[in-house]
Each structure stands twice: as C-alpha cells, then as structure tokens.
Amino acid sequence: QGQRRSCFTDREFVMGEARWSLPILRKGWSKMEHNVVLTMRGITMTFPGVKALDNVDLTLRKGEIMALMGENGAGKSTLIKCLTGINAFDAGEIRVDGIDEPVVNHSTLDAQKKGISTVYQEVNLCPNLSVAENLFIGREPKTKLGTIDWKTMTAKSNRIIKSLDLDIDVTKNLEEYSLALQQMIAIARAVDMDCKVLILDEPTSSLDDHEVEKLFVLMRQLKEKGVAIVFVTHFLEQVYAVCDRITVLRNGILVGEYPIEELPRVKLVAAMMGKDFDDLAAVKSEEKKDFTNVPVVIDAQGMSHKGKIKPFDLQIHKGEVVGLTGLLGSGRSELARVIYGADKNQTGKLFVNGKEAKINAPIDAMNLGMGLLPDDRKAEGIIADLSVRENIILAMQAKRGMFKLLPMSRQNEIADKYIELLQIKTASRETLIGQLSGGNQQKVILARWLATDPEFLILDEPTRGIDVGTKTEIQKLVIELADQGKSLIFISSEIEEMLRTCSKLVVLRDGQEVGEITEELTQGHVMQSIAGGGRNE
C-alpha cells in the first residue's frame, strides 16, 4: 500500500535464488502500537456533489503530538467533525482505547464523554463568566441544597490551573485574559474532563510568537502526562517545533503517516500539493523594475488617524506592489484603512491619479477604483449566509446601487468566470460560502474585488490561515495584477512572502513609518530595518 503503510519499511532478503521484500517494523513502533488510543479506519463521507473523505485512516498514540496536515479542502476539518460527532460519516469505523465496540459520536458531548475534546481557533467559552465557571460549566459542584458550591469550584479550578503551571485568577471573568490564555483555559477544561485525545484546530493563528511558545510548553506538559494531541496548523515551522509525527491528507484521501524526522519541509509540501515543490522560490521575476518615471496612482501626504497612525507620506506607482511590514500592532492595517477610508483621516490629503480625493466612506474609495481585502475574512469579508455567487458580485452591485440590480445571467457569468480563474473549490456557484474551506473563502473575496476591475487593491493578510498551495497561487496572482498595471498594497506577517511579491517595503513601528526599503530586499535586511528603524532607500 506504499506510503499508507508508513509504519513499515521494506527490507530485501535473499534466500537461494529468490528475493523477498518484507515489511519490517521501524524501531520503537511495536511499543507505540501498544499505546494506541484512537484509530479511524476507512472513514468515508460525501457532501452533495463532493466526496469530502475517501477511505481515510488515522492512528493516534498515547503521549504523542501528531500534526494533521493538508491544503484547504483536503478534509482535515471534516475528519475531525466525523470524530467529534458534528458530521455523520457514510462508512468506516472509529475505535477508542477502553471501549470494546466501535464508537459513533452524535455530538461533541458524546465525544467528550469518551475522552475526545476539541479546542478551536475561536474559543467557544463564555467571556462574561469567570474562569472557574467556564472550567465547570455544565458540571458545577453542588451543595446539599442543590445550589452551586462556589468554594469547592474555586478550589478545584485553582488545582487545575496550577497543575498546568498557569498563573490565572480563576475568579476573574474570562474576557479579562488574552486569547492565548483563553485557549489554555479551554485546554485545561478539556484535560480535567479526563481527556485522552485533545484536538487543537488552528490554535495559533491569532497568537504572537511569545504566546505560541507558551502554548507549546503546555502541549509538551500534556504529552508527558500521556495525552494524545492532534495539532492542526498551516505553520510549517510550528509542526517541526513540537510534533512527533505527521499525517497528510489531500483531496479527502490519506497520503501517508510519517515520523517527523523522515519528512523534511520540502517533502511535506510536495505531499500536501501532490507535486514537486521548489520552496516558492520562483514566484517573482529577478528583474528589478524602475518606477521613477511611472505615473503615481496613490499619493498620501501627511495623513493620520488619531491614536492609531501618525502623519505619513506614501506614493504608489502604477504596477507597483508596496508591502507594509512591521511587528504586530505596528499600524500596518490601520495605515491601509486610512487610505481606503475605512478609518477617516484627521490630517493630510490623498491624491488619486493626481487629483485630490475626498473619501468619507469605503463606497467613495470603491468609486475611485479602489478595493480592500480585510485581514479578518470571517468578520469583515464573507457573508456566510450568502452563496458564492452573491459574495462575488457584492462589491460590483454596491457600486451600481441597490436600484440597478445586475441581471441574474450576468451574475452567473461573473461568478463562473472567477470560480474557474481562481480555481475555487465549490460544489456550485450557489453553495453557501460558509460551507467552503478558509482558502476558498479567501479566493471568493479576491474574486469580489477583481470583478470590479480595481485600479488599486489593498490585500491585508491575504494568505493568513490558508495552505501553502493556495498561498503560492495568491502570490502569483499579485505579480500578474501588477504586470497588468494595477497598483497594490500587500500586508503580511511573513517576511519571506513579502520579499517574493513586493518591489518596495515600508517599515512601520508604533503607528509611524520608520523606513523604506527599495534595495537589498533580503530577510536579514528587513529584520534589521524593523529593529533599527532607519530609512534605507
């Protein structure tokens, strides 16, 4: 079965004239097999028009951290939902250590009772309740009179928190703590419910490096206590920092299970994408463009927003990709929002194609040929209850006005064009966008703005939380748009991605522009500029 029997390695034996290729257990595997806490075998599930999972296997062992990897739409979330009772699967079998019969969970509560808990990127606890109340919600200790035993609950909560080396006041409301600590509290709740299997679904997407390391410390502590962890993430460096093994899915099919030391990054990406991978090296042409005599499309002069952005000047030429870089909270998104009019500027002026622009609302920016893809696609990008078609034509319809509806035939034509152009994976144009994977949702929002044929486009974290393959496609699209003469602002937390797409980087710190880099676009130079803050042209 090739890679799917990755716990074995072939060894050739010679007996007389015959040669035999026999599977030999890798060193230490028999011991791990003895510690299996969860197996999923032949899991198959079909959505209308799409086979989401096709005969997928998964094995999880006590005291290991396993990365579940794959591109958006590979089937990771669907497999987790089949395990935790959110989705009913068509075929296959799930077995959990300590339970003699195959299990079928009908709800997340069912799964929790069997020792399977999930912590999502969006913490699903109650921010207006105390930490102790969140830890024991639904299972509060009671007094003899049937009321909540607050003293016992507080004492037990303190023991749980201290056992995980967390410094938290359990009497304070959950909302008083950072997202990182809220996730750790959610993990603490799962562990206290006799969790055998802990699923962490994109837990680090909204955390900074320091918070990520805190989470990793907690994960390692749980590993030492024998908890088996499934770690879903798009950050490759995090996989190699904390995981023991990798399971790769592609298009709803199991590609293979690999010990971490046997799957270097390039091979992992190749496994996820299903083709050889050149480490994203060839996205941008090596030929450097000179914009000296190219017309200026966007000219911001002394613009600011009180409390967020200090006065700044910025010029963007036709066909230029300008990157905004800096540490988290440096003002990258805020600067872009001021230019677009999402946040009103208090000082300064904006010139578009040489003429002063009065932007009082985003619709004014749209009418000037501008578009903004926001960094939070769920809150500010998609409308989950509308179809893919409706989401794509939204900006175009807004520009026309509510009394000039686009004909349905035209809507279908536009939607089909961009579904094909951007390779959006959807059962049909009428599928609700909320049913699509994160990467495909991002493509739909891109399609929304491309349909308006913008002259100037702001892309704020367009590849956050999406797979490597889709990242590459979006980066190539940025270069193609620039080659077509469109001007772009590109914002990303990944410096390497900026270097592949941008012709100039503007460095920000504490809401202020502290440097521009047009020469020596290297990671080391950018990092030095962020730290030192000097202008370098």
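Might you let me know whether segment 86-94 holds any residue that is outside any loop (DSSP other than H, G, I, E, B), open to solvent by 60 Å² or more (accessible area, probe 1.4 Å) and acidic (Asp, Glu)? Among the residues of segment 86-94, at least one is outside any loop (DSSP other than H, G, I, E, B), open to solvent by 60 Å² or more (accessible area, probe 1.4 Å) and acidic (Asp, Glu), which makes the answer yes. Taking the conditions (1) within 26 Å of ASN134 (Cα to Cα); (2) touching a residue at least 60 places away in the same chain (Cβ under 8 Å) in turn, ASP192 satisfies each one other than (2). Taking (1) without any contact (Cβ under 8 Å) to a residue 60 or more places away in the chain; (2) over 20 Å from SER487 (Cβ atoms); (3) among the hydrophobic types (A, V, I, L, M, F, W, C) in turn, LEU450 satisfies each apart from (2). The numbered conditions (1) touching a Cys at 6+ places or on another chain (Cβ under 8 Å); (2) among the small types (Gly, Ala, Ser); (3) open to solvent by 30 Å² or more (accessible area, probe 1.4 Å) are all true for GLY323 except (3). Annotation note: of ILE414, ILE339, the sole residue that is open to solvent by less than 20 Å² (accessible area, probe 1.4 Å), in contact (Cβ under 8 Å) with a residue 60 or more places away in the chain, hydrophobic (A, V, I, L, M, F, W, C) and not in a loop (DSSP other than H, G, I, E, B) is ILE339. Consider segment 472-504 and keep the residues that are within 17 Å of the chain's Cα centre (by Cα) and open to solvent by less than 20 Å² (accessible area, probe 1.4 Å). The one that is nearest to GLU413 (Cα to Cα) is ILE474.
Only residues that are more than 22 Å from GLY331 (Cβ to Cβ), in contact with an Asp or Glu (Cβ under 9 Å, 6 or more places away or on another chain) and either touching a residue at least 12 places away in the same chain (Cβ under 8 Å) or outside any loop (DSSP other than H, G, I, E, B) (or both) were counted in segment 342-360, giving 2.
Residues that are in contact (Cβ under 8 Å) with a residue 12 or more places away in the chain and open to solvent by 40 Å² or more (accessible area, probe 1.4 Å) within segment 361-377 comprise PRO362, ILE363, ASP364, ASN367, LEU368, ASP375, listed in sequence order. Name the residues in segment 205-232 that are more than 19 Å from the chain's Cα centre (by Cα) and assigned to a loop (DSSP other than H, G, I, E, B), would you? Listed by number, the residues that qualify are LYS225, GLY226, VAL227. Of the residues contained in segment 99-121, none is found to be part of a helix (DSSP H, G or I), of a type outside the set (S, T, N, Q), out of contact with any Pro (no Cβ under 7 Å at 6 or more places or on another chain) and farther than 30 Å from VAL36 by Cβ. Scanning segment 69-85 for residues that are at pLDDT 90 or above and closer than 11 Å to MET272 by Cβ, we see that the one that is surrounded by the most Cβ atoms within 10 Å (Cβ to Cβ) is MET69. Whether a residue is free of Cβ contacts under 8 Å to residues at least 24 places away in the same chain, of a type outside the set (Val, Ile, Thr) and within 22 Å of LYS113 (Cα to Cα) was assessed, and MET153 passes this test. The residue list ASP149, ASP192, ASP169, ASP201 contains one member that is more than 16 Å from LEU218 (Cα to Cα), of a type in the set (D, E, K, R) and open to solvent by less than 60 Å² (accessible area, probe 1.4 Å), which is ASP149. So, GLU211, is that one out of contact with any Cys (no Cβ under 7 Å at 6 or more places or on another chain), open to solvent by 20 Å² or more (accessible area, probe 1.4 Å), modelled with pLDDT of 85 or more and over 30 Å from ALA88 (Cβ atoms) or not? No, not satisfied.
State yes or no: is GLU519 free of Cβ contacts under 8 Å to residues at least 24 places away in the same chain and either farther than 15 Å from GLU320 by Cβ or surrounded by fewer than 24 Cβ atoms within 10 Å (Cβ to Cβ) (or both)?
On the way: free of Cβ contacts under 8 Å to residues at least 24 places away in the same chain: yes; either farther than 15 Å from GLU320 by Cβ or surrounded by fewer than 24 Cβ atoms within 10 Å (Cβ to Cβ) (or both): yes.
Considered against the rule, which asks whether it is free of Cβ contacts under 8 Å to residues at least 24 places away in the same chain and either farther than 15 Å from GLU320 by Cβ or surrounded by fewer than 24 Cβ atoms within 10 Å (Cβ to Cβ) (or both), GLU519 comes out as yes.
So which residues in segment 99-109 are open to solvent by 40 Å² or more (accessible area, probe 1.4 Å) and either under 23 Å from GLY138 (Cα atoms) or touching a residue at least 40 places away in the same chain (Cβ under 8 Å) (or both), if there are any at all? Answer for segment 99-109, where residues must be open to solvent by 40 Å² or more (accessible area, probe 1.4 Å) and either under 23 Å from GLY138 (Cα atoms) or touching a residue at least 40 places away in the same chain (Cβ under 8 Å) (or both): VAL104, HIS106, SER107, THR108, LEU109. Being closer than 16 Å to VAL297 by Cα and outside any loop (DSSP other than H, G, I, E, B) is the filter here; which residues of segment 365-387 pass it? Within segment 365-387, ALA365, MET366, ASN367, MET370, GLY371, LEU372 meet the criteria. So, of the residues in segment 258-276 that are open to solvent by less than 20 Å² (accessible area, probe 1.4 Å) and closer than 30 Å to ASP90 by Cα, which turns out to be modelled with the highest pLDDT? Among them, the one singled out is PRO259.
The values are calculated or read from the model by the stated rules, or taken from the named source; none is laboratory data. Predicted, not measured: the structure shown is a model, and the values here were computed from it. Heads up, the Cβs are rebuilt from the backbone with ideal geometry, glycines too, and the neighbour counts pull from every protein chain shown. Side chains included, ligands, DNA and RNA excluded: accessible areas come from the protein's heavy atoms. Shrake-Rupley method; radii C 1.70, N 1.55, O 1.52, S 1.80 Å.
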